[in-house]
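A.B. asks: So that we are looking at the same thing, I have put the structure below in structure tokens.
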Amino acid sequence: MFGKIRGFEQVDNKIHIEFENQNVIVEIISTSIINFFSPLKREERLSKAIEDLNVKQCNFSVDSKKDKITIATDKLNVNIFDDFKVDIYDYNWNILCEDYRGDRKSFVRRGAEGGWDVAAEEGHELKDGDNELKVQVLKKMENDMYFYGFGEKTGHLNKKGYHYKMWNTDNPNPHVESFEALYKSIPFFIGLKEKQAFGIFFDNTFESHFDIGKENSDYYYFGAVDGNLDYYFIYGPSMKEVLNRYTDLTGRTPLPQLWTLGYQQCRWAYVPEQRLIEIAKEFRNRDIPCDALYLDIDYMDGYRVFTWDKNKFPNPKETLSELKQNGFKVVTIIDPGVKKDKGYEIYDEGIKNGYFATDKDNIPYVNKVWPGDALYPDFPNERVRNWWAENQKIMMDYGVSGIWNDMNEPASFNGPLPDNVVFNNDGIITDHREMHNVFGHYMSKATYEGIKKYTNKRPFVITRACYAGTQKYSTVWTGDNQSLWEHLRMSLPMLMNLGLSGITFCGTDVGGFGFDCTAELLSRWVQVGCFTPLFRNHSSIMTRDQEPWAFDKQTEDINRKYIKLRYKLIPYLYDTLWKQKSSGLPVIRALMLHYQEDENTYEINDEFLCGENILVAPVVEQGKTARMIYLPKGNNWVDYWTKEVFQGGEYIVKEAPLDLCPIYIKQGAIIPNYPIQNYIGEKKIEELTLDIYPAANDREIKYVHYQDDGESFEYRKGVYNLYEFLIKRNDDLNGMTITINKAYRAYRDNYHSFKFKINNIKPTEILADGRAIEFKIVEGIVEFVVENETEICIK
Ligand code: MIG
């Protein structure tokens with residue numbers, strides 16, 4: 001297709017290559033990131049995911065030998081051949097990513113000759129050959145490769161052998177392994193080959209496909225039905241570095257408000273207001289912490305967005321403010337579909353100003369969603385986003401604390417919108433094929449910016465559809481799962497892969513959305529939710545009640561236990577999110593992100609790390625009360641419940657009765673804890689607890705704790721505190737020294753004291769700044785409190 005190389009020219013960090021039939025630009029973004037671009041549709045890249053391309057000037061060389069062009073940075077070597085074949089090597093010329101030279105050739109699929117029509121008539125879905133893609137890149141598959149990322153996909157952690165489609169899809173059927181697409185499209189993956197990792201970000205918003213050796217195991221390919229050839233090769237060699245670089249390109253999750261890490265309760269539908277208030281009361285009466293309640297579509301007046309049904313909510317402002325006094329924030333759903341209804345302000349304004357997507361004849365396009373006939377705001381257009389941002393003020397003025405964006409794939413009651421619906425992409429007239437996958441992204445962006453402008457607090461937006469980069473604006477949930485064990489199981493690899501795709505703040509509907517939950521399933525699901533950044537129980541209209549108390553006492557107790565554990569862990573989660581701002585590492589992590597050298601971790605679907613130091617191995621099967629757990633190699637692990645120490649690199653069997661979720665703390669970790677509160681901010685936190693798991697052989701452990709006001713943007717001006725805790729084992733390995741360093745202090749509130757809880761030690765004496773202090777031993781854990789002392793010596 002490209003033909004022979006005719007010549008090249010280097011302009012700054014770009015190498016323009018002229019091929020017989022097509023021009024190409026190879027851009028050196030940094031020593032480890034290279035962009036490969038060919039303007040098959042448009043002259044420019046016009047990325048929707050990357051807002052500020054951060055080019056890091058670096059030394060590189062370009063050479064041309066008779067059949068190839070060779071580019072070398074300090075980290076990578078790239079050979080480019082005729083037909084734009086590209087081979088990428090590490091610095092030592094180990095191949096990382098090699099273009100496939102053969103033809104696309106599918107595995108044999110027998111049966112196409114006969115029986116086809118009949119089988120289809122019976123309702124079987126038959127694969128009708130392979131996708132012909134306008135843009136496509138084929139890479140050679142090696143036997144020992146592993147593939148992760150791809151955003152929100154069903155199935156297992158390792159995606160080798162499967163085919164996925166990037167086309168935001170609202171499919172209400174139970175999500176199963178054979179689904180190629182769900183609500184989100186993140187055309188990014190991480191490949192792991194001989195322990196070296198690289199990433200490929202194929203920045204194309206059209207329907208795209210990733211076939212990871214399903215069509216044929218000799219190659220994998222990615223491609224799209226239209227658009228430019230535009231992909232970034234991102235070198236590691238560690239997965240952590242790949243993720244760091246990918247999120248440097250597409251952005252990271254900003255610090256959320258602290259309360260958003262609390263427990264959240266949702267249901268379709270908490271109406272009328274008495275029901276909402278009743279739910280709030282139940283939480284407080286039953287001593288179950290909760291920070292947020294949700295209102296689903298029925299709070300609106302005839303599903304008109306930005307309105308309230310005055311019968312169900314005669315006085316929303318007062319109701320919300322009353323709830324707020326008891327620590328409940330209310331999050332309301334806002335769908336994109338605007339009801340076609342003369343006299344309804346949002347509709348009238350939209351029509352007057354041309355804010356809606358149109359058909360090819362420039363007539364506002366109408367489809368059916370909840371309010372009946374409805375129109376779709378043209379979110380890719382900045383004017384429309386500004387208008388939508390302004391509308392957020394309506395909800396903020398009512399006292400709403402966050403906005404939940406649903407149906408923004410965009411979905412309709414008649415399937416996907418036609419290809420030729422017209423959008424105005426910030427000045428470029430284009431169509432639905434190009435804007436579909438970024439519709440939700442732009443809706444979240446508008447929502448984020450509006451909330452930010454009108455509250456000056458960190459916006460809480462939750463979206464169902466997204467594209468690469470949406471993490472800058474919104475948290476996500478994984479849509480309409482069901483109360484099925486299979487869906488609890490599947491949520492773990494799905495969340496881990498979302499994390500490996502730059503989505504830090506995510507969660508599933510705890511307990512399952514559709515179908516009826518059981519007591520046992522909710523008990524196990526809350527044990528997972530406790531560790532997911534978004535911890536929200538949600539269920540559909542007409543399904544069985546699913547609140548923490550909806551079953552029996554045992555289930556309620558289990559919910560309380562894990563929701564309370566969550567509130568203890570709030571500072572740990574918040575620190576993890578703060579660290580993520582520079583590392584790009586998510587909260588939910590696949591094990592190999594930290595244990596890339598340990599191949600046993602590459603296919604673990606049912607364990608995950610919450611941050612760096614907590615390994616969670618939940619039970620995800622009905623009736624099971626014991627399970628096998630793999631503890632990764634490289635350090636020891638401490639059973640959170642029994643404090644028993646295990647060596648990494650081994651499989652163990654753990655008994656796990658219904659109220660127990662197996663949790664292991666990395667030896668050497670310091671986990672900060674808050675006291676349990678009914679909601680974030682209920683208590684002024686004057687004492688921070690440090691739960692410490694010292695390792696005999698760790699000479700030095702350091703943990704940095706971050707503190708700020710938990711809601712404003714003042715931290716961006718430097719208004720926060722940092723505390724450094726440094727633990728050194730003494731030479732004889734019996735005792736240790738803990739140093740407390742208030743490393744940075746600009747935020748007014750400060751802890752008055754620190755409570756230390758140290759596991760697995762037996763001290764004879766503890767000195768704080770040279771003075772002997774009292775300590776207790778509670779259930780084998782050494783406990784003591786210090787105030788202004790900075791050096792603690794444990795003997
Ligand atoms: O399919 O607003 O995923 O969370 O409760 C119905 C009603 C539309 C889909 C969302 C779900 C929400 C529901 N919505």
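The values are calculated or read from the model by the stated rules, or taken from the named source; none is laboratory data. Since the structure is predicted, the reported quantities are computational estimates derived from the model, not experimental observations. Ideal geometry is used to build each Cβ from the backbone, glycine not excepted, and the neighbour counts take in all protein chains shown. Remember, those area values only see protein heavy atoms, side chains included, never the ligands or the DNA or RNA. Shrake-Rupley method; radii C 1.70, N 1.55, O 1.52, S 1.80 Å.
A.B. asks: Pairs, please: C-beta under 8 Å, at least 6 apart or cross-chain, first residue touching a residue at least 60 places away in the same chain (Cβ under 8 Å) and in segment 738-759, second part of a loop (DSSP other than H, G, I, E, B) and hydrophobic (A, V, I, L, M, F, W, C)?
C.D. replies: Filtered contacts from segment 738-759: TYR751/ILE685.
A.B. asks: Shifting gears a bit: So GLY427 passes all but one of these: (1) open to solvent by 10 Å² or more (accessible area, probe 1.4 Å); (2) modelled with pLDDT of 95 or more. Which condition number does it fail?
C.D. replies: That leaves (2) as the condition not met.
A.B. asks: Working only within segment 430-466, note down all residues that are under 15 Å from ASN381 (Cβ atoms) and surrounded by fewer than 21 Cβ atoms within 10 Å (Cβ to Cβ).
C.D. replies: Listed by number, the residues that qualify are THR430, ASP431, HIS432, GLU449.
A.B. asks: With respect to LYS214, is the statement that it is closer than 21 Å to LEU138 by Cβ, among the basic types (Lys, Arg) and buried (at least 23 other Cβ atoms within 10 Å of the Cβ) true?
C.D. replies: Details: closer than 21 Å to LEU138 by Cβ: yes; among the basic types (Lys, Arg): yes; buried (at least 23 other Cβ atoms within 10 Å of the Cβ): no.
Answer is no for this residue.
A.B. asks: From the list GLU434, GLU449, GLU409, pick out the single residue that is under 26 Å from ARG716 (Cβ atoms), among the charged types (D, E, K, R) and modelled with pLDDT of 95 or more.
C.D. replies: Values: GLU434 fails: under 26 Å from ARG716 (Cβ atoms); GLU409 fails: under 26 Å from ARG716 (Cβ atoms).
From the options GLU434, GLU449, GLU409, the qualifying one is GLU449.
A.B. asks: Here's something else I'd like to know. Just to check your reading of the model, which residue among ALA696, ALA656 is at pLDDT 95 or above and small (Gly, Ala, Ser)?
C.D. replies: Details: ALA696 fails: at pLDDT 95 or above.
Answer to the selection: ALA656.
A.B. asks: Enumerate the strands (runs of 3 or more DSSP E) found wholly within segment 646-724, keeping only those where 1 or more residues are touching a Ser or Thr at 6+ places or on another chain (Cβ under 8 Å). Break it down into steps so the answer makes sense when it comes.
C.D. replies: Values: elements: 650-655, 663-666, 670-673, 687-692, 700-707.
Where strands (runs of 3 or more DSSP E) fall fully within segment 646-724 and carry at least 1 residues being touching a Ser or Thr at 6+ places or on another chain (Cβ under 8 Å), they are 650-655, 670-673, 687-692.
A.B. asks: Just wondering, is there one or more residues in segment 511-518 that are over 23 Å from SER185 (Cα atoms), at pLDDT 95 or above, within 16 Å of the ligand (Cβ to nearest atom) and of a type in the set (A, V, I, L, M, F, W, C)?
C.D. replies: Among the residues of segment 511-518, at least one is over 23 Å from SER185 (Cα atoms), at pLDDT 95 or above, within 16 Å of the ligand (Cβ to nearest atom) and of a type in the set (A, V, I, L, M, F, W, C), which makes the answer yes.
A.B. asks: For segment 760-792: of the residues being of a type in the set (Asp, Glu) and within 17 Å of ASN741 (Cβ to Cβ), which is least open to solvent (accessible area, probe 1.4 Å)?
C.D. replies: First, pick out the residues of segment 760-792 that are of a type in the set (Asp, Glu): 765, 769, 774, 779, 783, 787, 789, 791.
Now drop any that are not within 17 Å of ASN741 (Cβ to Cβ), which leaves 769, 787, 789, 791.
Working: ASP769: 86, GLU787: 109, GLU789: 33, GLU791: 95 Å².
It comes out as GLU789.
A.B. asks: Answer yes or no as to whether GLY634 is out of contact with any Leu (no Cβ under 9 Å at 6 or more places or on another chain), surrounded by fewer than 16 Cβ atoms within 10 Å (Cβ to Cβ) and over 18 Å from ILE558 (Cα atoms).
C.D. replies: Numbers: out of contact with any Leu (no Cβ under 9 Å at 6 or more places or on another chain): yes; surrounded by fewer than 16 Cβ atoms within 10 Å (Cβ to Cβ): yes; over 18 Å from ILE558 (Cα atoms): yes.
So GLY634 fits the description; yes.
A.B. asks: Taking segment 324-333 only, how many residues are polar (S, T, N, Q) and within 16 Å of the ligand (Cβ to nearest atom)? Write out each step before concluding.
C.D. replies: Let us first name the residues in segment 324-333 that are polar (S, T, N, Q), namely 325-326, 332.
Adding the requirement that they be within 16 Å of the ligand (Cβ to nearest atom) leaves 332.
Total meeting the criteria: 1.
A.B. asks: For residues that are open to solvent by 10 Å² or more (accessible area, probe 1.4 Å), touching a Phe, Trp or Tyr at 6+ places or on another chain (Cβ under 9 Å) and more than 19 Å from PRO289 (Cβ to Cβ), scanning just segment 545-586, find the one that is nearest to the ligand (Cβ to nearest atom).
C.D. replies: ASP545
A.B. asks: Under 7 Å between Cβ atoms, at least 6 apart or on separate chains: pull out the pairs that start in segment 694-715 with a residue that is within 16 Å of LYS666 (Cα to Cα) and end on any residue that is open to solvent by less than 10 Å² (accessible area, probe 1.4 Å) and of a type in the set (Asp, Glu).
C.D. replies: Final answer for the pair search is none.
A.B. asks: Scan segment 654-693 residue by residue and report those that are touching a residue at least 60 places away in the same chain (Cβ under 8 Å), surrounded by fewer than 16 Cβ atoms within 10 Å (Cβ to Cβ) and within 23 Å of PRO618 (Cβ to Cβ).
C.D. replies: Residue satisfying the conditions is ASP659 alone.
A.B. asks: Residues of segment 302-315 being within 15 Å of ALA269 (Cβ to Cβ) and either of a type in the set (Lys, Arg) or away from the ligand (no atom under 15 Å from the Cβ) (or both), which ones? Walk me through how you get there before you give the answer.
C.D. replies: Start the filter on segment 302-315 by keeping residues that are within 15 Å of ALA269 (Cβ to Cβ), which leaves 302-303, 308-309, 311-313.
Residues satisfying the conditions are TRP308, ASN311, LYS312, PHE313.
A.B. asks: Any chance segment 263-284 includes a residue that's in contact with a Lys or Arg (Cβ under 8 Å, 6 or more places away or on another chain), among the hydroxyl-bearing types (Ser, Thr, Tyr) and over 25 Å from GLU409 (Cα atoms)?
C.D. replies: Yes, some residue in segment 263-284 is in contact with a Lys or Arg (Cβ under 8 Å, 6 or more places away or on another chain), among the hydroxyl-bearing types (Ser, Thr, Tyr) and over 25 Å from GLU409 (Cα atoms).
A.B. asks: Follow-up question, since we're still on this one. Would you pick out the residues in segment 504-532 that are surrounded by 24 or more Cβ atoms within 10 Å (Cβ to Cβ) and in a strand (DSSP E or B)?
C.D. replies: Result: CYS506, GLY507, ASP509, VAL510.
A.B. asks: With the condition kept exactly as written, say whether any residue in segment 723-730 is open to solvent by 10 Å² or more (accessible area, probe 1.4 Å), of a type in the set (A, V, I, L, M) and closer than 19 Å to ASP691 by Cβ.
C.D. replies: Yes, the conditions are met somewhere in segment 723-730.
A.B. asks: I've got another one for you. Can you work out which of the residues in segment 217-271 that are of a type in the set (D, E, K, R) and over 26 Å from TRP477 (Cα atoms) is surrounded by the fewest Cβ atoms within 10 Å (Cβ to Cβ)? Before the answer, list the steps.
C.D. replies: Step one: list which residues in segment 217-271 are of a type in the set (D, E, K, R), which gives 218, 226, 230, 240-241, 245, 248, 252, 267.
Imposing the further condition that a residue be over 26 Å from TRP477 (Cα atoms) reduces the set to 218, 226, 230.
On the way: ASP218: 14, ASP226: 17, ASP230: 24.
Taking the candidates together, the pick is ASP218.
A.B. asks: Just to verify a result, which residue in segment 339-372, among those that are within 16 Å of the ligand (Cβ to nearest atom) and hydrophobic (A, V, I, L, M, F, W, C), is least open to solvent (accessible area, probe 1.4 Å)? Working first, answer last.
C.D. replies: Step one: filter segment 339-372 for residues within 16 Å of the ligand (Cβ to nearest atom), giving 339, 367-372.
After this cut, where a residue has to be hydrophobic (A, V, I, L, M, F, W, C) as well, the list is 369-370.
Working: VAL369: 11, TRP370: 83 Å².
Filtering segment 339-372 for residues that are within 16 Å of the ligand (Cβ to nearest atom) and hydrophobic (A, V, I, L, M, F, W, C), the one least open to solvent (accessible area, probe 1.4 Å) comes out as VAL369.
A.B. asks: Somewhere in segment 421-438, is a residue at positive phi, charged (D, E, K, R) and in contact with a helix residue (DSSP H, G or I) (Cβ under 8 Å, 6 or more places away or on another chain)? Step through it out loud before you land on a result.
C.D. replies: The initial filter retains those residues of segment 421-438 that are at positive phi, namely 426-427.
Still in the running and charged (D, E, K, R): 426.
Checking the rest, the ones that are also in contact with a helix residue (DSSP H, G or I) (Cβ under 8 Å, 6 or more places away or on another chain) come to 426.
Within segment 421-438 (the criterion being at positive phi, charged (D, E, K, R) and in contact with a helix residue (DSSP H, G or I) (Cβ under 8 Å, 6 or more places away or on another chain)), the answer is yes, since at least one residue qualifies.
A.B. asks: Output the residues belonging to segment 536-560 that are assigned to a loop (DSSP other than H, G, I, E, B) and closer than 22 Å to ASP170 by Cα. Don't jump to the end; show me each part of the working.
C.D. replies: From segment 536-560, those assigned to a loop (DSSP other than H, G, I, E, B) are 538-552; that's our starting set.
Passing the criteria: HIS538, SER539, SER540, ILE541, MET542, THR543.
A.B. asks: I need a count of the residues in segment 734-759 that are open to solvent by 70 Å² or more (accessible area, probe 1.4 Å) and in a loop (DSSP other than H, G, I, E, B). Even if it seems obvious, please write down each step before you answer.
C.D. replies: Taking segment 734-759 as the starting set, the residues that turn out to be open to solvent by 70 Å² or more (accessible area, probe 1.4 Å) are 734, 742, 744-745, 748, 752.
From the residues that got through so far, the ones that are in a loop (DSSP other than H, G, I, E, B) too are 734, 748, 752.
Selection size over segment 734-759: 3.
A.B. asks: In contact with a helix residue (DSSP H, G or I) (Cβ under 7 Å, 6 or more places away or on another chain), over 21 Å from THR250 (Cα atoms) and either modelled with pLDDT of 95 or more or not aliphatic (A, V, I, L, M) (or both): does that describe ASP226? Before you say what the answer is, go through the steps one by one.
C.D. replies: Values: in contact with a helix residue (DSSP H, G or I) (Cβ under 7 Å, 6 or more places away or on another chain): yes; over 21 Å from THR250 (Cα atoms): yes; either modelled with pLDDT of 95 or more or not aliphatic (A, V, I, L, M) (or both): yes.
Spelling it out, ASP226 is indeed in contact with a helix residue (DSSP H, G or I) (Cβ under 7 Å, 6 or more places away or on another chain), over 21 Å from THR250 (Cα atoms) and either modelled with pLDDT of 95 or more or not aliphatic (A, V, I, L, M) (or both).
A.B. asks: Pull up segment 373-415, narrow it to residues that are without any contact (Cβ under 8 Å) to a residue 40 or more places away in the chain and within 16 Å of the ligand (Cβ to nearest atom), then point me to the one that is surrounded by the most Cβ atoms within 10 Å (Cβ to Cβ).
C.D. replies: In this case the residue turns out to be ALA374.
A.B. asks: Taking the residues in segment 272-298 that are surrounded by fewer than 24 Cβ atoms within 10 Å (Cβ to Cβ) and within 12 Å of the ligand (Cβ to nearest atom) as candidates, determine which candidate is farthest from ARG566 (Cα to Cα).
C.D. replies: Top of the filtered list is ASP298.
A.B. asks: Would you check if PRO336 is in contact (Cβ under 8 Å) with a residue 40 or more places away in the chain, open to solvent by less than 30 Å² (accessible area, probe 1.4 Å), within 16 Å of the ligand (Cβ to nearest atom) and not in a strand (DSSP E or B)?
C.D. replies: Considered against the rule, which asks whether it is in contact (Cβ under 8 Å) with a residue 40 or more places away in the chain, open to solvent by less than 30 Å² (accessible area, probe 1.4 Å), within 16 Å of the ligand (Cβ to nearest atom) and not in a strand (DSSP E or B), PRO336 comes out as yes.
A.B. asks: Would you be able to say whether some residue in segment 588-597 is touching a residue at least 60 places away in the same chain (Cβ under 8 Å), in a helix (DSSP H, G or I) and not hydroxyl-bearing (Ser, Thr, Tyr)?
C.D. replies: yes
A.B. asks: Which of the strands (runs of 3 or more DSSP E) contained wholly in segment 10-75 include at least 3 residues that are aliphatic (A, V, I, L, M) and open to solvent by less than 10 Å² (accessible area, probe 1.4 Å)?
C.D. replies: Details: elements: 14-19, 23-30, 33-38, 61-65, 68-72.
The qualifying strands (runs of 3 or more DSSP E) are 23-30.
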